[in-house]
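Report on the following structure.
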Amino acid sequence: MGLQPLSLRKRDRLFKLRVRRPWPLLVAGFFLLLLPGIQYVAVARMLHIDPAFYKLILGSLSPIELFLLFFPIIAGIGLLSVTRWGWYAAMGYALLLTLYNAFLLLAQPGWLQLVFSVQTAAGSLLLYYLFSPDTMAPFFAHSVRGFRAGRRRTTEGLVTLDGESRTATNISSHGAYVQTESVYAVGQAVQIILPGAEEARPGSVVRTDAHGIGISFLD
């Protein structure tokens, strides 16, 4: 019982180090946070109203337009905090933004079609990014897991894990997935010798499943 708090603190530190937000996530998150201000100024210009008259501007918007204006703040916070509800919030907003602007693109002819086209494209790109398996994994992992720091190669090779020969897949310069029946805990330190290498590399278990473990290299 006395070792449990230390184990939890070690796991929390590992999680904070592992979850380094990739630049596409940072761009998406901060874009959502800044979007309400951008849209507010755009609406003011379209209505030919000074942005200082916020009551008049906001009063001219429909409920769905008000939702689309302010909800990105919640979605952006949730996305940057890497929470499951944040993923759902960002995904729901991106879907609604795409469909609503696609409708306006067909219903509103004129120069505003350019604005609607840009927002439709932005919503579609956000949906594509959010549904990427590597993006979704940290949001829905049952154990501590972060974003991959590099793209893994779908190759197999024999490695030595803590003195035992195992098959490894998805090897990259930052980590690998090793098939093993042994029981490992998230945060547990391991030593792994990769194919063609002579010396072991230190690593830490960042996820486990029924077939093996995901390892992040520490050097």
Among (1) modelled with pLDDT under 90; (2) in contact with a helix residue (DSSP H, G or I) (Cβ under 7 Å, 6 or more places away or on another chain), which single condition is W23 missing? (2)
Please go through region 44-85 and pick out each residue that is surrounded by 15 or more Cβ atoms within 10 Å (Cβ to Cβ) and more than 29 Å from P24 (Cα to Cα). A44, I57, L61
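Please pick out the residue among G123, G150, G163 that is at pLDDT below 85 and of a type in the set (G, A, S).
Going through G123, G150, G163 in turn, the sole match is G150.
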Can you name the residue in region 190-207 that is touching a residue at least 24 places away in the same chain (Cβ under 8 Å) and not in a loop (DSSP other than H, G, I, E, B) and, of all such residues, is nearest to D219 (Cα to Cα)? G203
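The values are calculated or read from the model by the stated rules, or taken from the named source; none is laboratory data. Just so you know, these numbers come straight off a predicted model, no measurement behind them. Note: ideal-geometry Cβ built from the backbone for every residue, glycine included; neighbour counts use all protein chains shown.
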